[in-house]
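All remarks here apply to the structure that follows.
The values are calculated or read from the model by the stated rules, or taken from the named source; none is laboratory data. Not measured: the values here are computed from a predicted model. Methodologically, a virtual Cβ is constructed for each residue, glycine included, from the backbone with ideal geometry; neighbour enumeration extends over all protein chains shown.
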Amino acid sequence: MAKGKITPEFKIIRDMEKCVSCQVCHRVCSNDAHLYDPDAGEVTSEDSRCVGCHFCETLCPTGALTIRRNPSEIKLNALWSGRALEDITRQSSTGGVLLTGMGNDRPFPVYFDHLLLNASQVTNPSIDPLREPMELRTYLGGKPDRLEIKEGQKPEEVLKSFLSSQISLETPILFSAMSYGSISLNAVKSLAKAAREAGTLWNTGEGGLHPDLYPFGPHLVVQVASGRFGVHQEYLEAGAAIEIKIGQGAKPGIGGHLPGEKVTEQISRTRMIPEGTDALSPAPHHDIYSIEDLKQLIFALKEAVRYRKPVGVKIAAVHNVAPIASGIVRAGADFVVIDGLRGGTGAAPRVIRDHVGIPIELAISVVDQRLREEGQRNRASLIAAGGFRNSADVVKAVALGADAVYVGTAALVALGCHVCQKCYTGKCNWGIATQDPYLTKRLNPEIGARRLVNLLRAWSLEIKEMLGGMGINALESLRGNREQLRAVGLAETDMKILGVKPAGEAW
């Protein structure tokens, strides 16, 4: 009989001298990795069920638990790795698509780690951000080629040029699209409260807007995806901006899927679909098959909100991302979101996540350069997304051409996520990627919002420090300024695409 062996990914180590059989681990584990035997009065563990979320380890009152990678390994083989063998074993047993959550975990080069920032010295002195003004405020939206002023008019009537709707951000960091359904309502509330307090925006994703969240509309980007879930006039009016989702970095070219077991009564009302049914977003928008079609939708949405809100388009970073973005700007988009292959997701086929798309560093660079060459860089703002881990990544993205960045995984980590990549199961022990009412209670929105605000504040302070070190007092002066970057350990082709010089080369 043919039977494949799947080695547990993690090993639960229980120190029996410390364990008091309090059953905390047994009660809190949503994956049933801890079993209690009432006859023996002992708690045991099942390694094969552990997903490495470390929730039990965190809550163990006596510190008796340690979660480690399983040291058991198959014979080393550069081609036939343990993961490759296990994938074949699983698919030959089930005949299904292998799903995963979060971002790409393959060892592709992280170009941000090969880019170094400049610093001022004698001829261009640095700036002390604690004692001198430092401007991080960012405006998203198209800008005219020039501003014409009316002579002798009242202050509120001096502008003669038409200026499209703009969004003001106190920091160049937004919370990425994560729908109610893929994450819990408490997680969404945490993002919404934090965005309002920090003066930035959060994104609904393609899941519509829960009634409790309408008060946060002035700090909201509402998304219009192919499934049109929860899209109606009140929804469009609620947000500060509208985003048409064409693609995302974790799964370029394919649609979305929220399993029916996650579609609770509240989610069914929010998404306007029957309770318990799968929420399927088709890969294409069935009214968009050309740039001309996209232009019609952009202006239909602008008409719907009487041109009071900017309308943008989100695409995945793919090989021809520069001409695609150029066409989107020509179609009238006020901002373009580009999501790289390290972007997170609630659920995606692993083969798509791991093998489709390109890194955000390359994508944002070629788009910025293309728009500058065509003389239309000012017509739309660029927002980069897909794997931003710290403030240095943000600063480098701005130097490569981004106006602002979306953060998703980093925000979830601030809420407690341990990136176990099992979001699609709906069993998140941290109360984030789940709709289980018992689990969602573990995330307090007030505490979550406070942690997110702290994260944005910390990153913003570090961005000011880096700008000051470069002798720059406004983020605007860094945007697209590749002379402030130098590359280490990159091939000549990489540097050409990024538009940067090697370290050691002068201005």
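Just name the residue that is nearest to V28 (Cα to Cα) out of those in region 411-430 that are assigned to a helix (DSSP H, G or I) and touching a helix residue (DSSP H, G or I) at 6+ places or on another chain (Cβ under 7 Å). Don't jump to the end; show me each part of the working.
Kept after step one, since they are assigned to a helix (DSSP H, G or I), are these residues of region 411-430: 411-415, 423-425.
With touching a helix residue (DSSP H, G or I) at 6+ places or on another chain (Cβ under 7 Å) added as a condition, the list becomes 411, 414-415.
Working: A411: 23, A414: 20, L415: 18 Å.
Restricting to residues being assigned to a helix (DSSP H, G or I) and touching a helix residue (DSSP H, G or I) at 6+ places or on another chain (Cβ under 7 Å), the top hit is L415.
Selection of region 246-271 for residues being assigned to a loop (DSSP other than H, G, I, E, B) and in contact with a His (Cβ under 8 Å, 6 or more places away or on another chain) yields only I246.
Filtered by the rule that a residue be assigned to a loop (DSSP other than H, G, I, E, B) and either loosely packed, with under 15 Cβ neighbours inside 10 Å or in the same structural domain as T345 (by TED's automatic domain parsing) (or both), region 111-127 gives A119, S120, Q121, V122, T123, N124, P125.
State all residues of region 34-54 that are farther than 14 Å from I13 by Cα, touching a residue at least 12 places away in the same chain (Cβ under 8 Å) and not in a loop (DSSP other than H, G, I, E, B); if no residue qualifies, say none. Within region 34-54, Y36, E42 qualify.
Evaluated against (1) closer than 30 Å to P252 by Cα; (2) touching a residue at least 40 places away in the same chain (Cβ under 8 Å); (3) assigned to a loop (DSSP other than H, G, I, E, B), T62 falls short on exactly one condition, (1).
Filtering region 327-377 to residues that are surrounded by 24 or more Cβ atoms within 10 Å (Cβ to Cβ) and on the phi > 0 side of the Ramachandran plot leaves only G357.
Of all residues assigned to region 488-499, none qualifies as being polar (S, T, N, Q), part of a helix (DSSP H, G or I) and crowded, with 19+ Cβ neighbours inside 10 Å. Candidates in region 255-296 are the residues that are buried (at least 19 other Cβ atoms within 10 Å of the Cβ) and among the aliphatic types (A, V, I, L, M); of these, the one that is farthest from H210 (Cα to Cα) is L294.
Residues in region 146-157 include none that are of a type outside the set (A, V, I, L, M, F, W, C), assigned by TED's automatic domain parsing to the domain that holds M466, closer than 25 Å to N473 by Cβ and at pLDDT 90 or above.
Taking region 430-461 as the range and being over 20 Å from the mean Cα position of the chain (by Cα) and either free of Cβ contacts under 8 Å to residues at least 40 places away in the same chain or surrounded by fewer than 20 Cβ atoms within 10 Å (Cβ to Cβ) (or both) as the test, the residues that pass are D436, P437, Y438, T440, K441, R442, N444, E446, I447, L461.
I want to confirm something. Restricting to region 338-354 and keeping residues that are more than 13 Å from the chain's Cα centre (by Cα) and among the charged types (D, E, K, R), which single residue is nearest to G426 (Cα to Cα)?
Residues of region 338-354 more than 13 Å from the chain's Cα centre (by Cα): 347-354.
Still in the list and also among the charged types (D, E, K, R): 350, 353-354.
Details: R350: 17, R353: 19, D354: 22 Å.
Of everything passing the filter in region 338-354, R350 is nearest to G426 (Cα to Cα).
When D334, D287, D293 are screened for being touching a Gly at 6+ places or on another chain (Cβ under 9 Å) and assigned by TED's automatic domain parsing to the domain that holds V366, only D334 passes.
Within region 128-138, count every residue that is surrounded by 14 or more Cβ atoms within 10 Å (Cβ to Cβ) and of a type outside the set (A, V, I, L, M, F, W, C). Step through it out loud before you land on a result.
Taking region 128-138 first, the residues surrounded by 14 or more Cβ atoms within 10 Å (Cβ to Cβ) are 129, 134, 136, 138.
Subsequent filtering for residues that are of a type outside the set (A, V, I, L, M, F, W, C) retains 129, 138.
The number of residues fulfilling the criteria is 2.
May I ask you to verify whether L79 is in contact with a helix residue (DSSP H, G or I) (Cβ under 7 Å, 6 or more places away or on another chain) and of a type outside the set (S, T, Y)?
Values: in contact with a helix residue (DSSP H, G or I) (Cβ under 7 Å, 6 or more places away or on another chain): no; of a type outside the set (S, T, Y): yes.
Criteria not met by L79.
Among the residues of region 211-245, none is identified as buried (at least 23 other Cβ atoms within 10 Å of the Cβ), small (G, A, S) and assigned to a helix (DSSP H, G or I).
Answer with yes or no whether S176 is touching a residue at least 24 places away in the same chain (Cβ under 8 Å), in the same structural domain as R457 (by TED's automatic domain parsing) and closer than 22 Å to I360 by Cα.
Details: touching a residue at least 24 places away in the same chain (Cβ under 8 Å): yes; in the same structural domain as R457 (by TED's automatic domain parsing): yes; closer than 22 Å to I360 by Cα: yes.
Taking the combined requirement at face value, the residue satisfies it.
Taking region 383-398, which residues are within 15 Å of the chain's Cα centre (by Cα) and either crowded, with 24+ Cβ neighbours inside 10 Å or under 19 Å from E476 (Cα atoms) (or both)?
Quick first cut of region 383-398, residues within 15 Å of the chain's Cα centre (by Cα) only: 383-391, 393-394, 397.
Scanning region 383-398 gives I383, A384, A385, G386, G387, F388, S391, D393, V394, A397.
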